[in-house]
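Have a look at the structure below, then the notes.
The values are calculated or read from the model by the stated rules, or taken from the named source; none is laboratory data. Predicted model only: the values in this text are computed from it and were never measured. Every residue, glycine as well, gets a Cβ built from its backbone with ideal geometry; the counts of neighbours run over all protein chains shown. Ligands, DNA and RNA are excluded from the accessible area calculation, which covers all protein heavy atoms including side chains. Shrake-Rupley method; radii C 1.70, N 1.55, O 1.52, S 1.80 Å.
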Amino acid sequence: MSVTASQVHGAVQTLTQSSDTLFLLLGAIMVFLMHAGFAFLEVGTVRHKNQVNALVKILADFGISALAYFFIGYWVAYGANFFADAQTLSQGNGYELVKFFFLLTFAAAIPAIVSGGIAERARFYPILVATFFTVGLVYPVFEGMIWNGNFGLQAWFESQFGYGFHDFAGSVVVHGVGGWIALVAVLFLGMRKGRIRAGKHTNFAPSNIPFLALGAWILSVGWFGFNVMSAQTLNGISGLVAMNSLMAMVGGIVAALIAGKNDPGFIHNGPLAGLVAICAGSDLMHPIGSLITGAVAGALFVYLFTYLQNKTKIDDVLGVWPLHGVCGAWGGIAAGIFGQTALGGLGGVSFVVQLLGTLVGIGIAVGGALVVYGIINKVSGLRLSEEDEFNGADLAIHKISATSDD
C-alpha cells in the first residue's frame, strides 16, 4: 500500500501536536509542583501556630485561582473561553487546554506570592475573595497587554521605540505584579503583634529551617519548567534559557551567601531571587550577564529585606515584595541591559521600553490591589482579631494545630 505525501504530512503534524502538548503538560506539572515549594517555604518561615494555615492557604488559593482564571481571567487576557463542546475543545490533541493549565499555574502564583507576605494575621475567606479578583481581573489585564498585545501597549512601544516589552517567562508579568500586589496587602494589614518591643523591632525566628530549605529546593527545580517550558513548543525550546536560569540561580546563591553572612534564610532565598530576575531575559542574555543579574537580585533581596524588617513598619513575613516585586522589576530592566548585543546578548530589546513596561506593570498591580484589598478591608476587614492572632491562625481558623503537642 502506497503512502501519499498528504498522509505523511498529516502524521508528522499529529506527532508534532502531540509532542508539543506533552511538552507543555510536563511544564504545567513542574510549575504546579512549585506551589508545594511556596507552601513549605512559608511553613518553615512562620511560627508553629500558623503552619497549618500556611499549607491550607496555598492549596485553597490555587482552587479559587483556577475558577477565577477559567471563567474570567483567561478570557480577559486572551479573549478565549471554554464554553464549546468537548470535541471542539480537544482538537489538536487538546493543546489549547494544556496551554490554559500551564498559564493557570503562572496566574495562581500571584496569591501564592501574596500569601507569604500577609502570613500570620490575615483572615481566611476575605483573602480568598481577594484572590478571586486579583487572578480574575488584575493580573490578566497586564498579562494580556504583554503576552497577547491587548490595549495596544506593545504596538505603541514598537512604533515609538522599535521594540516591544520583552518578558519571556514573567519577571514582571508574574513575579513583579505578584510582589507589588503583596506590598499593598501587607500595608493594609499592618504589623504583627509583638514585632515592636520597647520601641525596637523584634524579628520572629523561622520555625523550621528544613521545611524552609525544602520549599526553596522545590521552587528552584520547578523553575526550570517555569522558564524553559515558557517556549510552549518543542521547536522553541532553548538550552540558552536553561543555562541562563542556572547561572542566575548561582549568582543569587553566592550573593546571598556573602551579603547574608551565612544566614540560612537568606541563602535559601538567594537562588529564588536570581531565578525571579532572570525570567524576563533568559532567552536573550549571555550566561555571564545572567550571573550578574542573579547576583544583583540576591544582594537586593538581602539588603532590602533586612532594612524592611529592622527599620520600617512594613511587616512582609517572607520578604515577598523585595524577592518578587523588586527583583522582578530588576529582571525586567536587566533584560534591557544584558539583552543588548554590546553585552553579549541576542538583541531585539530596548532599555527604555523595559523600564516603561516594568513601571506599567507596577502601576496596574498597585492600582488594582488598592481597589480590591481596599474594598474588602472596608466591607469585611482583612485582619484577624487580636485574640485570634495571639492564638494563631491554625486554631483560630482551622481548629487544629500542626502537631499534637502544641
Regression test value, accessible area per residue of region 199-250, probe 1.4 Å, units Å², expected 45 Å²
Contact order relative to length for the chain, counting C-alpha pairs under 8 Å separated by 6 or more residues, stands in percent at 24 percent
In region 285-362 the accessible area split gives carbon plus sulfur, as whole percent at 1.4 Å, a share of 76 percent
Rounded to the nearest Å, the spacing of the alpha-carbon centers of region 65-137 and region 155-230 is 18 Å
Looks like region 64-162, by Cα gyration tensor root eigenvalues a ≥ b ≥ c and the a/c under 1.5 rounded cutoff (else prolate when a/b is bigger than b/c, oblate otherwise), is oblate
Full extension between THR16 and HIS398 adds, at 0.36 nm per residue less the Cα distance, a length in nm of 132.8 nm
Treating every alpha carbon of region 172-306 as one equal point scatterer without solvent, the Debye formula yields log10 I(q)/I(0) values at q = 0.13, 0.16, 0.20 Å⁻¹ of -0.61, -0.87, -1.19
So the carbon and sulfur contribution to the accessible area of region 191-246, 1.4 Å probe, in percent, is 66 percent
Once phi for every residue in region 81-89 is put through the Karplus expression 6.51 cos²θ - 1.76 cosθ + 1.60 (θ = phi - 60°), the whole-Hz ³J(HN,Hα) values, with Gly and Pro written as x, are 9, 10, 9, 7, 6, 4, 5, 5, 5
Listed residues LEU323, LEU234, LEU24; largest mean-square fluctuation, Gaussian network over the chain with Cα springs below 10 Å, found at LEU234
Calculated from DSSP helices alone, with each H run of at least 4 adding -39500 (n - 2.57) and the total divided by the residues of the chain, [θ]222 nm to the nearest 500 comes to -21000 deg cm²/dmol
By the C-alpha gyration tensor axes a ≥ b ≥ c (rounded if a/c is under 1.5, else prolate when a/b exceeds b/c, else oblate), the shape of region 135-231 is oblate
Expressed in square angstrom to the nearest 10, the accessible area of LEU240 with a 1.4 Å probe stands at 50 Å²
Quick shape check on region 184-247: root eigenvalues a ≥ b ≥ c of the Cα gyration tensor, a/c under 1.5 is rounded, otherwise prolate if a/b tops b/c, else oblate, and it reads prolate
If amide H atoms are modeled at 1.01 Å from N in the peptide plane, then the residues at a separation of 5 or more from ILE196, or on another chain, having amide H under 5 Å from its own are THR202
In cubic angstrom per residue, the convex hull of the chain built on its Cα atoms measures 165 Å³
Probe 1.4 Å, heavy atoms of protein chains only: per residue, the accessible area of region 42-167 in Å² is 38 Å²
Which of LYS261/LYS311; LYS57/LYS99; LYS49/LYS399; LYS57/LYS200; LYS49/LYS378 exceed 21 Å between C-alpha atoms? The answer is LYS57/LYS99; LYS57/LYS200; LYS49/LYS378
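With the other protein chains left in place, how much accessible area per residue, in square angstrom, belongs to region 252-406 at a 1.4 angstrom probe?
In whole numbers, region 252-406 has 41 Å² accessible per residue.
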Sorted by chain and then number, the residues having a modelled amide H within less than 5 Å of the amide H of ALA122, at least 5 places away or on another chain, are LEU384
Among GLY251, GLY367, GLY162, the residue with the largest mean-square fluctuation in a Gaussian network model of the chain built from Cα contacts under 10 Å is GLY162
Under the Karplus relation with 6.51, -1.76 and 1.60 and θ = phi - 60°, whole-Hz ³J(HN,Hα) for region 255-269, x at Gly and Pro, equal 5, 5, 4, 6, 5, x, 6, 6, 5, x, x, 5, 4, 7, 8
Answer check: region 1-147, Cα atoms, Kirkwood Rh, Rg/Rh ratio of 1.12
Here region 283-295 yields Karplus 3J(HN,Hα) values (6.51, -1.76, 1.60; θ = phi - 60°; whole Hz; Gly and Pro given as x) of 8, 10, 7, 7, x, 5, x, 5, 4, 5, 4, x, 5
Checking region 348-406 for trypsin sites (Lys or Arg not before Pro) in a loop per DSSP with at most 12 other beta-carbon atoms within 10 Å yields LYS399
